[in-house]
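In what follows, a single structure is set out as structure tokens and then discussed.
Throughout, read-outs are computed from the coordinates displayed, never taken from laboratory work. Only a predicted model underlies this, so the values are computations on that prediction, with no experimental measurement involved. Positions of Cβ are generated from backbone atoms using ideal geometry, with glycine treated the same way; all protein chains shown enter the neighbour counts.
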Amino acid sequence: MSQLRPQQNKNLLYIYDLPQKEYTSVQLAKIIKDLTGYEIERMPQVRRDLNKPFYSAVIQITDDAKFKEVSNALRYFQINNKNCRALPFTNELLGSNVTRLAGNNIFVRKVPKNVIGESFEQKFAQFGEIISCKVSLNDDHSSRGYGFVCFRDSEAADKALAQSANADDTIGVKFAPRDKKEFRKAYNNVYVKNLPAGWNEENVRTVFAEFGRIASVYLASHENGPYAFVCYEASDVADREYGPRCAATAVEALNDKEFEGVRLYVRPGLKKGERERELMHETFKYKNSKKRCNLYVKGFPVTTTEADLMALFAKFGDIESLKLFPAKDNKQPFAFVCFKTPDQASQAKTTLSTHQIDNHPLYINHYEIKQYRDMNNEM
């Protein structure tokens, strides 16, 4: 299969919600062949963002009839029991048209957790032609309990809103597009740690009540000390702006503020998956900043010690860290040597590229983040 390099937006199929840890292009090609008998001619163009829970991909199919068949077959499909979806490219769904299509879109709340993909679309197909619909998913592909439907025309959207308004579940609400940056910032739960010794729930409430109506306070402890979650909420449940506004104000005012000799740590209260993504993002950011300083070294004898490597590399500059991983499970030893500056690392790499230790030639290269290395090897 050749690499996809579309010259125009013709017969492009966009594929969403691909699971990071389980997706491969070969696997996707097999699914398409099993469902339609079609062997894709071009390798999918995959968008891999390690800060997001899912991959997305684009496939171009030149044959019009096969494109339609594959589009229908992949509208909703699964990879290892995880729901994915595909949509033919259309100018109507470009981000620049979000405001223009606002009347065709509806937000759907109280979606049962077992209603995903085709079963979700079937609930609204009776009102008119649907361009696209999706249930929002958690990192593990479980439903978040809400979704979006985009109809071909606004009349169908109005009908869906009217007829689902009094339903017990899967209730349509008028879609109100918001700036994506602001949407990502919305949170009404605040995480607090570094609490002064002896503080109880009443102390936490007293400090945080200054910024708005508190719906709940959860106070607990772990090996690193006490922590709390403070949730803001308006008395009017229809006011969805109140809680995030209060929480943001509290974070800005109280983070790093000193109480009884300690400084509070106050940040948005993220879900576990969001916290893991934020930590991963910060880890990648740090590793990326050091990748030109960090060298991967192998080829040296198994008897080589960290002191030996330190003596060899220290002559090229200040070493921030050096870690040797001994031979294990029939794998040869290797090491990471991190210099203070990229220039020092480059000089060591160039100078020692032909160096030998006891007739063992060294292999030296710049460090590459494992996840990026895995992506390059992915097929």
| remark: Any aspartates and glutamates whose Cα falls less than 19 Å from that of residue 287, other than same-chain ones fewer than 8 residues away, would be 49, 276, 278, 318, 320, 343, 368, 374
| Exceeding the 27 Å Cα-Cα cut-off - candidates 10/30; 66/159; 52/110; 82/285; 110/159 | 66/159; 82/285
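Determine, for 346, 132, the number of other Cβ atoms within 10 Å of each Cβ, and report the residues in order from fewest to most.
Result, fewest neighbours first: 346, 132.
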| message | Skipping prolines and chain starts, which residues have an amide H placed within reach, meaning under 5 Å, of the one on residue 360, given they are 5 or more residues away or on another chain? | response | none
| note | Non-local residues with an amide H under 5 Å from the amide H of residue 117, with H modelled 1.01 Å from N and Pro and chain starts lacking one, are 135
| task | Express the relative contact order of the chain as a whole percentage, based on alpha carbon pairs under 8 Å and six or more residues apart in sequence. | result | 11 percent
| field | Gain in span if fully extended, residue 314 to residue 330, counting 0.36 nm per residue against the direct Cα distance | value | 2.8 nm
| Identified option (computed P(r) over Cα pairs in 20 Å bins from 0, in percent; candidates (1) 20, 41, 33, 6, 0; (2) 21, 40, 24, 9, 5, 2, 0; (3) 28, 54, 18, 0) | (1)
| field | Estimated vicinal HN-Hα couplings, Hz - the range 246-262 in sequence order (Karplus 6.51, -1.76, 1.60; Gly, Pro = x) | value | 5, 4, 5, 5, 5, 4, 5, 7, 9, 4, 6, 7, 8, 9, 6, x, 10
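Please give the charge dipole size of the range 95-177, origin at the Cα centre, charges +1 on K and R Cβ atoms and -1 on D and E Cβ atoms. Round to the nearest 20 debye. Intermediate results must be reported in sequence, preceding the final value.
Working: 10 positive and 10 negative charges, 41 e Å.
Using Cβ point charges on Lys, Arg, Asp and Glu, the range 95-177 gives about 200 debye.
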| What are the ³J(HN,Hα) values, in whole Hz, obtained from phi via the Karplus relation 6.51 cos²θ - 1.76 cosθ + 1.60 with θ = phi - 60°, for each residue of the range 202-212 in sequence order, with x given for Gly and Pro? | 5, 4, 5, 4, 4, 5, 8, 5, 4, 9, x
| message | Using +1 at the C-beta of Lys and Arg and -1 at the C-beta of Asp and Glu, which of 259, 335, 249 has the Cα lying farthest in the positive direction of the dipole of the range 248-348? | response | 335
| request: Specify the inter-centroid distance of the range 27-75 and the range 119-145, based on alpha-carbon positions, in whole Å. | output: 20 Å
| query | Could you put 193, 331 in order, starting from the residue whose Cβ has the fewest other Cβ atoms within 10 Å? | reply | 331, 193
| remark: Number of Lys pairs in the range 291-369 closer than 13 Å at Cα, excluding neighbours under 8 places apart unless interchain, is 6
| remark: Exposure proxy check on 274, 210: fewest-to-most Cβ neighbours within 10 Å is 210, 274
| remark: Expressed in nanometres to one decimal, the distance between label points 7 Å along Cα→Cβ at residue 114 and residue 252 is 4.6 nm
| Ordering of 225-232, 213-220 by burial proxy (mean other Cβ atoms within 10 Å per residue, highest first) | 225-232, 213-220
| field | Helical mean residue ellipticity (222 nm; -39500 (n - 2.57) per DSSP H run of 4+; nearest 500) of the chain | value | -8500 deg cm²/dmol
| What is the set of long-range amide H partners of residue 215 at a cut-off below 5 Å, with H atoms built 1.01 Å from backbone N? | 231, 232, 233
| Candidates 125, 335, 311: whichever shows maximal mean-square fluctuation once the chain is modelled as a Gaussian network with Cα springs under 10 Å | 311
